[in-house]
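To start, the structure itself, in structure tokens.
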Amino acid sequence: MVGLVVLGALLAAAVAAPVLFPEDPTEPRFERVLRPPSSEHPLGTDNLGRDLLARVVYGGRVSLLIGVLAVTLSLATGVPVGLLSGYYGGTFDLVVQRLVDLLLAFPGFLLALTLVAVLGVGVTNVVVAVGLAAAPGYVRLVRAVVLSARTQTYVEAARGLGASDLRILWRHVLPNCVAPVVVQSTLQLGTAILTAAGLGFLGLGVKPPTPEWGTMLGEGQTYLFSSWYMATFPGLAIFLTVLAFNLVGDGLRDALDPRMQRFATEEVQP
Amino acid sequence: MGLYVLRRLVLAVPTLLGVTVVVFALIRVIPGDPARLVLGLQASEAEVQRLRSELGLDRPLPAQYARFVARLIRGDLGRSIATGEPVAREIASRFGPTVQLAVASTVLATLAGISVGVLSATRVYSWVDYVAMGVALFGVSLPVFWLGLMLILLFAVQLRWLPAGGYGTLAHLVLPTVTLAAFSVAIVARMTRSSMLEVLHQDYVRTAWAKGLTARAVVLRHALRNALIPVITVIGLQFGALLGGAILTETVFAWPGMGRLLVGAIVARDYPVVQGVVLVFAGLFTLVNLAVDLLYAYVDPRIHYG
């Protein structure tokens, strides 16, 4: 619940950003650089005199958008491949699974980083890199669900009634995947935002002056010793957002996974 | 068991070969001519051509790949565009610090994670459990680079207890290790807790209680040993996350490891170095996963492999 409230607030702030802060968050204001937090600028100003609260709020638009688009890309590539791989099996499955094995041989962040090294920086490339790096995980997850659903009686019944493969996949197999995929995607949204912010922090993500939390943190690192607020608040924003997604994801998992409820009633001996 | 080890070792070879294909392909996708990149815009077309044939870039891709692998086996990763040094030598000097950081963090994650997990599981739904799992949830949500910067602000700038960055003494190792391990401590703690809860409900644990064994004996000898099996897998997987996190942690703490080498090389478009470091990272991860699989077979007596 707390997670949903935080997410709602973040989303509302991101949407309402232009109303809340009519001032351009990328426009330098040299007459007020590196001001500590005050009533006028609750989070202070950065090295170019831009209001940090405005930039954090605008940054939320960029970071949330990157997260959503990246997860959408992972879903759009990983789910169909996982469905087909699990349903048809055979050579296609074998090839896909070896490929997934290969991609999973790279630590996730390293894969995203390497893709950005190849594609170059910028919002689109960050989305592609983060999204593709997470796709193999979805292939695995969906395939596992399909493998167990494929042998169920209702699938056999549908086949016996002459339903086409496409119809079986869509009407009878895919619904089984919804719960695990929704849980995975909620948690993955947090991970995607973290990965994108990590790339931004290294200077390999969204290009300045666009406010993005990771990039802002990277800029803040330079001024860490003199102006603590520059690095602190964008990082706090990332932390709260990821925390909210994790809370909601864990909550969904507990609600959807009946295995977890067993322990709620039983007492363990001391 | 011996046969199983052998089979797993043989199976790792295609994975490692596949990794070289992926890295080779990725680097070749990059737009632009590496020879032109080395020589700069002023160089004449003839000079560029000469370097192209010297580097083998004028040959077909399969031939280039064969040459790449042949050299790789001899430990030759090419030369850095930026420094002209052999890539293998540059990586060798950065390998130690990264492994040191990764191993220290793995040890911390294992010890702290398992302790917290056991503590939580044996006091499930008590305040200890709630606090521990709350902190663990924070741990998996913290951006590693931000945690690093905040620790620097607290322990280096405010309290002046520890250095803000650099490499060499044990004091330099503390903050990077804590930063890098935080995420894994949380994951291991959560996994240990749920695995322990699962095991604590088994009949043989009930029997152990009924025999009148002490809580210590039941929890540590009967429950924990069995609960550890899935935890080992998670620790192995965490090693990959640690390698990824090391790239960020090294940047925060000016730690002279492979992660910083990689980031610098990406910024400078020094592709031979990028290629070399990515290969070493992926190879390391593959080998650790292999080691975990083997350990798994050793720890779990129920598993018999032909």
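Helices in chain A, meaning DSSP H runs of at least 4 residues, each add -39500 (n - 2.57). Divided by all residues, the mean residue ellipticity at 222 nm is -24000 deg cm²/dmol. Helix A:90-104 sits at what angle to the longest principal axis of chain A, using alpha carbons and giving 0 to 90 degrees rounded to 10? Tilt relative to chain A: about 30 degrees. Compared with the dominant principal axis of the Cα atoms in chain A, helix A:2-20 is inclined by about 50°. Semi-axis lengths, largest first, of the ellipsoid equivalent to the range B:79-143 are 42, 13, 5 Å, with √(5λ) applied to each eigenvalue of the Cα gyration tensor. Charge dipole (Cα centre; +1 on Lys/Arg Cβ, -1 on Asp/Glu Cβ; no other charges) of the range B:94-299 amounts to roughly 400 debye.
Adding -39500 (n - 2.57) for every DSSP H run of four residues or longer, then dividing by how many residues chain B holds, sets the calculated 222 nm ellipticity at -25000 deg cm²/dmol. Evaluated at q = 0.24, 0.29, 0.31 Å⁻¹, the base-10 log of the normalised Debye intensity for the range A:1-54, with identical point scatterers placed on the Cα atoms, takes the values -0.90, -1.05, -1.10.
Modelled spin labels at A:THR72 and B:ALA43, positioned 7 Å past Cα toward Cβ, are 4.3 nm from each other. Debye-formula intensities of the protein assembly as shown, expressed as log10 I(q)/I(0) at q = 0.06, 0.13 Å⁻¹, are -0.34, -1.53 (one equal scatterer per alpha-carbon, no solvent). Considering chain B at the alpha-carbon level, its Rg and Dmax are found to be 23.9, 86 Å. Across every pair of non-identical alpha carbons in the range B:16-73, the mean reciprocal distance, once inverted, gives a Kirkwood radius of 12.4 Å. Of the residues A:GLY218, B:GLN158, B:VAL234, the one whose Cα sits farthest towards the positive end of the charge dipole of the protein assembly as shown is B:VAL234 (charges of +1 on Lys and Arg Cβ, -1 on Asp and Glu Cβ, taken about the Cα centre). For chain A, the longest principal axis of the C-alpha atoms and the axis of helix A:174-201 are separated by about 30°.
Taking each residue as 0.36 nm, the span from B:LEU159 to B:GLN202 lengthens on full extension beyond its C-alpha to C-alpha distance by 10.7 nm. According to the calculation over all Cα-Cα pairs in the range B:102-250, the P(r) per 10 Å bin from zero is 12, 36, 29, 16, 6, 1 %. The calculated FRET efficiency for B:VAL299 paired with B:LEU57, based on their beta-carbon distance and R0 = 51 Å, is about 0.60.
Rounded to the nearest 20 debye, the dipole magnitude of the range A:1-133 is 80 debye, with +1 charges on Lys and Arg beta carbons, -1 on Asp and Glu beta carbons, and the Cα centre as origin. Between A:GLU40 and A:THR151, the modelled labels are 7.1 nm apart [label points 7 Å from Cα along Cα→Cβ].
Between B:ALA82 and B:ALA66, the contour length at 0.36 nm per residue exceeds the Cα-Cα span by 3.3 nm. Packing here is the average count of other Cβ atoms within 10 Å per residue, and on that basis the peptides B:149-159, A:223-233, highest first, run A:223-233, B:149-159. In this calculation the C-beta distance from B:ALA171 to A:GLU31 is compared with R0 = 41 Å, giving a FRET efficiency of 0.45. Each label point was placed 7 Å from the Cα along the Cα-to-Cβ direction; for B:VAL5 and B:VAL128 their separation is 3.9 nm. Dipole size of the protein assembly as shown about its Cα centre, with +1 on Lys/Arg Cβ and -1 on Asp/Glu Cβ: approximately 1200 debye, rounded to the nearest 20.
Note down the Stokes-Einstein diffusion coefficient of the range A:1-137 in µm²/s, whole number, using a Kirkwood radius over alpha carbon pairs, 25 °C, and 0.890 mPa s. D = 137 µm²/s. At q = 0.13, 0.14, 0.19, 0.20 Å⁻¹ the log10 of I(q)/I(0) for the range A:177-232 amounts to -0.42, -0.46, -0.66, -0.70, computed by Debye summation with a single uniform scatterer per C-alpha, solvent ignored. For B:ARG79, the residues 5 or more places off, or on other chains, whose built amide H falls under 5 Å of its own are B:VAL87.
Only one residue of B:LEU55, B:PHE68, B:ALA109 has its Cα farthest out toward the positive end of the dipole of the range B:48-117, where Lys and Arg carry +1 and Asp and Glu -1 on Cβ, and that residue is B:LEU55.
Of interest is the spacing of the C-alpha centroids, which for the range A:124-188 and the range B:62-128 amounts to 33 Å.
When the charge dipole of the protein assembly as shown is built from unit charges on Cβ atoms (+1 for Lys and Arg, -1 for Asp and Glu) and taken about the Cα centre, the candidate among A:LEU199, A:HIS41, A:PRO25 whose Cα reaches farthest toward its positive end is A:LEU199.
Read-outs throughout are calculated quantities, based only on the coordinates presented, and are distinct from any laboratory measurement. This is a predicted model, so every value here is computed, not measured. So basically every Cβ, Gly included, is an ideal-geometry build from the backbone, and we count neighbours across all protein chains shown.
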